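A.B. asks: Would you mind keeping the following structure in view while I ask a few things?
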Amino acid sequence: MNCLLDTQMLIWVANDPGQLPQRARALIADTGNNLFFSAASLWEIAIKFSLNRADFRVDPHILRQGLLDNGYHEISISGVHAVAVKDLPPIHKDPFDRILIVQAKLEGITLLTSDATIARYESPMLLL
């Protein structure tokens, strides 16, 4: 399975893997799965890290390199992704989450999330 981790999952992977839901840990540990992260998540983390948000205390440079070193694949934000956001229903207002939803849908990758609002979208995803 191709799995795109949402921003919260990436923070848990980096800072506190024990916070990951059991099923997420199993999917991440399964060497048969391909793991992906989005440049959008790094962008969100960088912004909130620079604002000294307590819930975003992971250095985005170190996180990116660690993910790459551990076999994760990076998904860039393309113009196709950006314009596809306009077709999403207004269920969720967060622009970072909305681009992740579009990326999962367009790239055919299952989005792993613990956010029930994100899970309301019609896109390949698992609510964990």
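The values are calculated or read from the model by the stated rules, or taken from the named source; none is laboratory data. Since the model is a prediction, treat every value here as computed from it, not as a measurement. No Cβ is skipped: glycine too gets one built from the backbone with ideal geometry, and neighbour counts run over all protein chains shown.
A.B. asks: For residue 16, only one of the following conditions fails: (1) closer than 29 Å to residue 82 by Cα; (2) at pLDDT below 95. What is its number?
C.D. replies: (1)
A.B. asks: Among the residues that make up segment 64-80, is at least one of them over 16 Å from residue 8 (Cβ atoms) and at pLDDT below 95?
C.D. replies: Taking segment 64-80 and keeping what is over 16 Å from residue 8 (Cβ atoms), we get 64-66, 68-71, 73-80.
Filter once more, keeping what is at pLDDT below 95: none.
Checked segment 64-80: no residue is over 16 Å from residue 8 (Cβ atoms) and at pLDDT below 95.
A.B. asks: Inside segment 1-102, counting only strands (runs of 3 or more DSSP E) that do not spill past its ends, which hold 2 or more residues that are closer than 14 Å to residue 118 by Cβ? First the steps, then the outcome.
C.D. replies: Details: elements: 2-5, 34-38, 73-75.
In segment 1-102, 2-5 are the strands (runs of 3 or more DSSP E) which contain 2 or more residues that are closer than 14 Å to residue 118 by Cβ.
A.B. asks: Right, here's the next one. Residue check: is residue 54 modelled with pLDDT under 95, over 23 Å from residue 108 (Cβ atoms), in contact with a helix residue (DSSP H, G or I) (Cβ under 7 Å, 6 or more places away or on another chain) and not charged (D, E, K, R)?
C.D. replies: So residue 54 fails the test.
A.B. asks: Hey, can you tell me all the residues within segment 80-109 that are surrounded by fewer than 17 Cβ atoms within 10 Å (Cβ to Cβ) and β-branched (Val, Ile, Thr)?
C.D. replies: Across segment 80-109, the qualifying residues are 80, 83, 85, 91.
A.B. asks: Something else now. Take residue 47 and tell me if it is out of contact with any Phe, Trp or Tyr (no Cβ under 6 Å at 6 or more places or on another chain) and closer than 25 Å to residue 123 by Cα.
C.D. replies: On the way: out of contact with any Phe, Trp or Tyr (no Cβ under 6 Å at 6 or more places or on another chain): yes; closer than 25 Å to residue 123 by Cα: no.
It is false that residue 47 is out of contact with any Phe, Trp or Tyr (no Cβ under 6 Å at 6 or more places or on another chain) and closer than 25 Å to residue 123 by Cα.
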